[in-house]
Amino acid sequence: MQGLQVLFEDNHLIGINKPAGILVQGDETEDVPIGEYIKQYIKIRYNKPGAVFLGLIHRLDRPVSGAMIFARTSKGLSRMNQVFKERAVKKTYWAITKERPRPISGELTHYILKDPEKNIAKAYDRPSNRSKNAKKSILQYELLAELEGYCLTKVILKTGRPHQIRVQLSKIGCPIIGDMKYGFRQPNRDGSIHLHCRSLEFVHPIKKEPVYFEADPPNDRLWNQFMEVLA
């Protein structure tokens, strides 16, 4: 991976812009996860001997890009885990679709059931016997811009379920560009999908100061055109 992009850093936490296609946790592919690149960055920047501590706090799917926060200390890890557990982090995403969401802004509530063997989730409109283990999932969305038949939508997560944005947007007829798993007709050439965590916002659990950082989306034609529209 070329050039780790660090967005926020202090003694306890480090925020980065994860490229699409990079793992967050190791899997059967044995590809290098993003944490190893961050450890290498810390080791070199601070001339640290021996092993570098890095705590994983949350996740982004492999084909998704954007803002992530990691812990540099065990204290930072335990405190940030609590912040996420209390849903005290504002997570804002951008998604590009072909279809326009209708209405163009609102709140979606579904019940999501994940099949871990197939690594796919299904969204139900209401709980039932068939979906009795499904978890209530809420997001807010707003159409930001339209360009050449594409729609850019801002999404704010209220819950953090596996594949939540992907499956909920697909459920309302707006699959994300490149996301064949959830109904888009063709993949992106690089295996990414056009879903990006634009920003994270929270109160630092140790310093008690507000933290906000945002990540620029990947450098491709579609993202760049929308960035120009929003500028």
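The numbers here are math on the coordinates, done by the rules we state, and not lab data. Everything numeric here is computed off the predicted structure, so don't read it as measured data. Backbone-built Cβ (ideal geometry, glycine too); neighbour counts: all protein chains shown.
Points to keep in mind about this one:
- About the Cα centre, charge dipole magnitude for the stretch 6-230 (Lys/Arg +1, Asp/Glu -1 at Cβ), debye: 900 debye
- Unit charges at the beta carbon, dipole of the chain: most positive-side option, F213, I193, Y141: Y141
- Length released on extending from E201 to N219, taking residue separation times 0.36 nm less the Cα-Cα span: 4.1 nm
- Near R100, once Lys and Arg are set to +1 and Asp and Glu to -1 for all other residues with Cβ below 14 Å from its Cβ, the sum equals -1.
- Residue order, fewest to most surrounding Cβ atoms within 10 angstrom, among K122, K91: K122, K91
- A straight Cα-to-Cα reach below 19 Å connects K114 with the lysines K122, K132, K135, K136, K158, K171, K181, residues fewer than 8 places away in its own chain not being considered.
- Estimated translational D of the stretch 49-124 in µm²/s (Stokes, Kirkwood radius over Cα pairs; 25 °C; 0.890 mPa s): 153 µm²/s
- Per-residue ellipticity at 222 nm computed for the chain from its helices equals -5500 deg cm²/dmol, with DSSP H segments shorter than 4 residues left out and the rest contributing -39,500 (n - 2.57).
- For q = 0.30 Å⁻¹, Debye-computed log10 I/I(0) when each Cα of the stretch 128-186 counts as one equal scatterer: -1.30
- Long hydrophobic helices in the chain, taken as whole DSSP H segments with a C-alpha length of 18 Å or more on their own axis and mean Kyte-Doolittle hydropathy at least 1.0, are absent.
- Note on the stretch 1-66: Kirkwood radius taken over Cα pairs, Stokes-Einstein applied at 10 °C and 1.306 mPa s, translational D equal to 126 µm² s⁻¹.
- For the pair the stretch 189-231 and the stretch 47-104, the centres of their Cα atoms are 11 angstrom apart.
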